[in-house]
1. For the pair ILE312 and ILE80, what calculated FRET efficiency results from E = 1/(1 + (r/R0)^6), where r is the Cβ-Cβ distance and R0 = 25 Å, to the nearest 0.05?
2. Once the other residues with Cβ under 15 Å from the Cβ of ARG30 are scored (Lys, Arg +1; Asp, Glu -1), what is the net sum?
3. 222 nm [θ] for the chain, helices only, -39500 (n - 2.57) per DSSP H run of 4+, per residue, to 500?
4. For the chain, build the charge dipole from Cβ charges (+1 Lys, Arg; -1 Asp, Glu) around the Cα centre, then report which of LEU214, ILE11, LEU166 sits farthest towards its positive end.
5. Which value, in debye to the nearest 20, gives the size of the charge dipole of region 182-290 about its Cα centre, when Lys and Arg are +1 and Asp and Glu are -1 at the Cβ?
6. Counting Lys +1, Arg +1, Asp -1, Glu -1, what net charge surrounds ALA72 among other residues with beta carbon under 14 Å of its beta carbon?
7. So for each of 186-195, 200-209 I average, over its residues, the number of other beta carbons within 10 Å; can you give me the resulting order with the highest mean first?
8. When ranked by the protection proxy of mean other Cβ atoms within 10 Å per residue, highest first, what sequence do the peptides 332-341, 165-174, 302-311, 268-277 form?
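Read the figures in this text as sums done on the coordinates, not as results from a lab. Just so it is clear, the model here is predicted, and its values are computed rather than measured. Cβ placement follows ideal geometry from the backbone for every residue including glycine, while neighbour counts extend to all protein chains displayed.
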Amino acid sequence: GANNFTCLRQITLKILRPMLLSTMLILFIRGIESFEVPALIGIPARIFVFTTKIYEAASGFPPALGLAGANASILLLISILGVYLYQKLTARSESFTTITGKAYRPRVIDLGRWKYVFSAGCVLFFILTLLVPVLALLGTSFSGHMVALTPEAFKNFTLDEYRFVLSYPIITRAFRNSILLAVGSATAVMLLTSIIAWITVRTQIPGRWLLDALTFIPIAVPGVIMGVSMIFVYLTLPIPIYGTLWILLVAYVTLYMPYGIRVASATMVQIHKELEEASTASGASWAQTFFRIVLPLLLPGFLSGWIYVAIISLRELSASIFLVGQGTEVLSTVVFALWDSGNITGVAALGVLMTLFLIVMALVVQTWQRKLGILRE
């Protein structure tokens, strides 16, 4: 005889507790690792967090790499502890299973009059977090100066900022570099994680679990720490990639391996090994079997992981800001430099172009998936 609210409080929330706690924990990790927002808003107001303190130490003159390393070590320990607790919570989630092979029929809960309140809340959240910022970005980019979000903002229409963005050599070079790195890192991540997923799922190699664990470790490494550690490593090793696009590619691939391995492993377990056994029995080598049978079957997950890694690579700032040099600028660092120099309208125009480019790229991949029959209408 309990009502919906009592069921939610006494049963549903208790069942969801591991998921809620693990989600809060991963959001805490992501929050403490965040660099972009604290840098853009906090640094001008002299409000620092771990990541911006590391950036200030490493980018000062002379660079205080020792102080940056000390702050990075503390941040890394906090992140590792958070990931460890997250793994413990998700590992215990099986004891809260509610859907089994027995008869189960989901039902929709009627919220009654409250459905209008919740619907209004969702619409308001969408307006405040997405629609208003996008309109403000558009208004600033088309008006030529920073304006309040009113109809007046769109009266003085001008394309001067877009002409500046599209004609500025550093920005056009950053576009090219960002596209190369996005395509390269997404392809490398998905190929590597597909092979690792095959090893961990299909083989009986001793210690293969360690390989899977190693690919998950970078999720505990903030981008700021990745950038600082790359400086330490490649300034001492006789490998001449510091100051080139290669060091950015290495950083991106390392940072995004955890996302690729989760997609690849989830897709790999859905493919029965008898297909590979039939190929091997027909005389095909491992490479032929993997690239001509396994990889095409992995294509739905491969493309989903690919587009996700490509998009977050295009947006990456926290590691890139430490690793870019003359000629290796990327879009995110150019946006940061424009903001730092006070060119707000240039930031708005470039932000609009970046958003449009990401939307177009996602639509192109979705169209390709539909043509291949991977994504249905």
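1. It comes out at approximately 0.75.
2. Details: positive: ARG315; negative: GLU33, GLU36, GLU316.
Taking every Cβ under 15 Å from that of ARG30, the sum is -2.
3. Working: 17 runs with 243 residues, N = 377.
Here the helix-only value at 222 nm equals -21000 deg cm²/dmol.
4. Towards the positive end, the residue furthest out is ILE11.
5. Its charge dipole is roughly 140 debye.
6. Neighbour charge sum, excluding ALA72 itself: -1.
7. On the way: 186-195: 21.6, 200-209: 11.8.
The peptides rank, most packed first, as 186-195, 200-209.
8. Numbers: 332-341: 19.0, 165-174: 15.3, 302-311: 21.7, 268-277: 13.3.
Peptide ranking by packing, descending: 302-311, 332-341, 165-174, 268-277.
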